[in-house]
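Below is one structure, written out as structure tokens, with a few remarks after it.
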Amino acid sequence: MPNWLPEVFGTQKPIVAMLHLAPLPGDPGYDTAAGVAAIVNRAKGELDALLSGGVDAVLISNEFSLPYLTKTEPITAITMARIIGELQGELAVPYGVNVLWDGRASIDLATATDAAFVREIFTGVYASDFGLWNTNVGEVARHRHRIGAANVKLLFNIVPESAAYLAERDLGAIARSTVFATNPDALCVSGLTAGAPTDTQSLAIVKENAGDVPVFVNTGVRASNVADQLSVADGAVVGTYFKQDGKFENRADRARVEELMGAAKAFRSQLV
């Protein structure tokens with residue numbers, strides 16, 4: 001598999017910034033008085049901070065739809081499509097989508113909004129904070145084919161947050177079989193929760209067993225460790241560090257974005 005990262009992101013070792021949408025209609029935290037317009041306004045402000053700070057790409061997700069569903073209600077992706085439609089004129093970098101935790105809905109949303117990639121849990125069975133969590137990658141792959149979404153890159157999170165793989169298999173074996181049997185475009189390795197550090201040893205194990213498939217570090221990247229993480233990983237997804245004071249619930253802070261992107265670009269400038 002050729003390295004597709006420069007084609008999509010315009011660089012090796014891309015930094016993908018999370019754009020976390022406020023609670024949506026149907027979510028327990030949704031502000032019915034403020035409505036969807038308030039979600040759009042917040043998203044526009046955060047997008048400006050991320051783009052001004054120099055990120056390579058943006059991943060738009062319903063991160064504040066806690067507690068998550070493993071099969072989402074239609075209103076979630078429908079509302080996200082409206083929001084993305086209102087953001088598209090300002091999306092000057094490649095963007096992806098993630099309807100947590102629903103791979104099929106993520107692909108549908110990507111197709112409807114011309115997103116370049118999605119990140120989701122596509123494989124495995126897990127015991128999670130959200131109950132028993134099953135997937136059906138064969139069904140999702142066939143659905144992707146039927147709707148003409150072969151151009152949408154699929155980033156498989158193989159170490160999902162707030163969950164444990166039910167089978168007694170080591171991480172290297174999971175990475176090898178995922179690559180062999182399911183044809184992911186990239187693998188993502190996470191910590192326990194959003195913002196939690198990703199174990200460097202786990203990241204290295206996945207990288208060693210992924211063959212030519214790119215590997216992203218999915219949580220816990222900071223300005224202080226981005227060079228070390230990118231020395232192993234092929235790219236990084238960053239959300240919490242870009243927030244004011246590095247807190248998950250806060251809004252994106254341009255100064256923190258510039259700090260991490262400066263460190264990432266300094267590291268990349270040393271690559272041959």
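I'd like the residue in segment 201-216 that is within 16 Å of L230 (Cβ to Cβ) and open to solvent by less than 10 Å² (accessible area, probe 1.4 Å) and, out of all such residues, is modelled with the lowest pLDDT.
So the residue we want is L203.
Can you tell me which residue within segment 122-162, out of those that are of a type in the set (A, V, I, L, M) and without any contact (Cβ under 8 Å) to a residue 40 or more places away in the chain, is surrounded by the fewest Cβ atoms within 10 Å (Cβ to Cβ)?
The qualifying residue surrounded by the fewest Cβ atoms within 10 Å (Cβ to Cβ) is A150.
For residues that are among the aliphatic types (A, V, I, L, M) and under 18 Å from R42 (Cα atoms), tally how many sit in segment 242-272.
Total satisfying the criteria: 3.
Failed condition for A22, given (1) small (G, A, S); (2) closer than 17 Å to A110 by Cβ; (3) open to solvent by 10 Å² or more (accessible area, probe 1.4 Å), with all others met?
(2)
Residues to consider are A38, A33, A49, A112; find the one that is in a helix (DSSP H, G or I) and exposed (fewer than 15 other Cβ atoms within 10 Å of the Cβ).
Answer to the selection: A38.
So if I check each of A227, A181, which one is farther than 25 Å from W133 by Cα and surrounded by fewer than 20 Cβ atoms within 10 Å (Cβ to Cβ)?
Residue meeting the stated conditions: A227.
Just for segment 182-199: of the residues that are modelled with pLDDT of 85 or more and among the hydroxyl-bearing types (S, T, Y), which one is farthest from H145 (Cα to Cα)?
S190
Report every pair of residues separated by at least 6 positions or lying on different chains whose Cβ atoms are under 6 Å apart, first residue within segment 91-114 and within 19 Å of T182 (Cα to Cα), second part of a helix (DSSP H, G or I) and open to solvent by 30 Å² or more (accessible area, probe 1.4 Å).
I107/R144
Which residues, taken from segment 78-104, are part of a helix (DSSP H, G or I) and either farther than 23 Å from R144 by Cα or open to solvent by less than 80 Å² (accessible area, probe 1.4 Å) (or both)?
Once the filter is applied, which keeps residues that are part of a helix (DSSP H, G or I) and either farther than 23 Å from R144 by Cα or open to solvent by less than 80 Å² (accessible area, probe 1.4 Å) (or both), segment 78-104 yields T79, M80, A81, I83, I84, G85, E86, L87, Q88, G89, E90, G103.
Could you please let me know if A233 is part of a loop (DSSP other than H, G, I, E, B), buried (at least 19 other Cβ atoms within 10 Å of the Cβ) and of a type in the set (G, A, S)?
So A233 passes the test.
Among the listed residues T198, T219, T240, identify the single one that is touching a Phe, Trp or Tyr at 6+ places or on another chain (Cβ under 9 Å), open to solvent by less than 30 Å² (accessible area, probe 1.4 Å) and among the hydroxyl-bearing types (S, T, Y).
Result: T240 is the single residue among T198, T219, T240 that is touching a Phe, Trp or Tyr at 6+ places or on another chain (Cβ under 9 Å), open to solvent by less than 30 Å² (accessible area, probe 1.4 Å) and among the hydroxyl-bearing types (S, T, Y).
Is it the case that segment 163-173 has a residue that's open to solvent by 10 Å² or more (accessible area, probe 1.4 Å), touching a strand residue (DSSP E or B) at 6+ places or on another chain (Cβ under 8 Å) and over 25 Å from V97 (Cα atoms)?
Yes: one or more hits.
For I75, indicate whether it is among the aliphatic types (A, V, I, L, M) and not in a strand (DSSP E or B).
Yes: the conditions hold for I75.
Can you spot a residue in segment 9-18 that is under 21 Å from V257 (Cα atoms), in a helix (DSSP H, G or I) and within 15 Å of the chain's Cα centre (by Cα)?
Looking for residues that are under 21 Å from V257 (Cα atoms), in a helix (DSSP H, G or I) and within 15 Å of the chain's Cα centre (by Cα), one finds at least one in segment 9-18, hence yes.
The values are calculated or read from the model by the stated rules, or taken from the named source; none is laboratory data. Since the model is a prediction, treat every value here as computed from it, not as a measurement. Ideal geometry is used to build each Cβ from the backbone, glycine not excepted, and the neighbour counts take in all protein chains shown. The accessibility values were calculated without ligands, DNA or RNA, using every heavy atom of the protein model including side chains. Shrake-Rupley method; radii C 1.70, N 1.55, O 1.52, S 1.80 Å.
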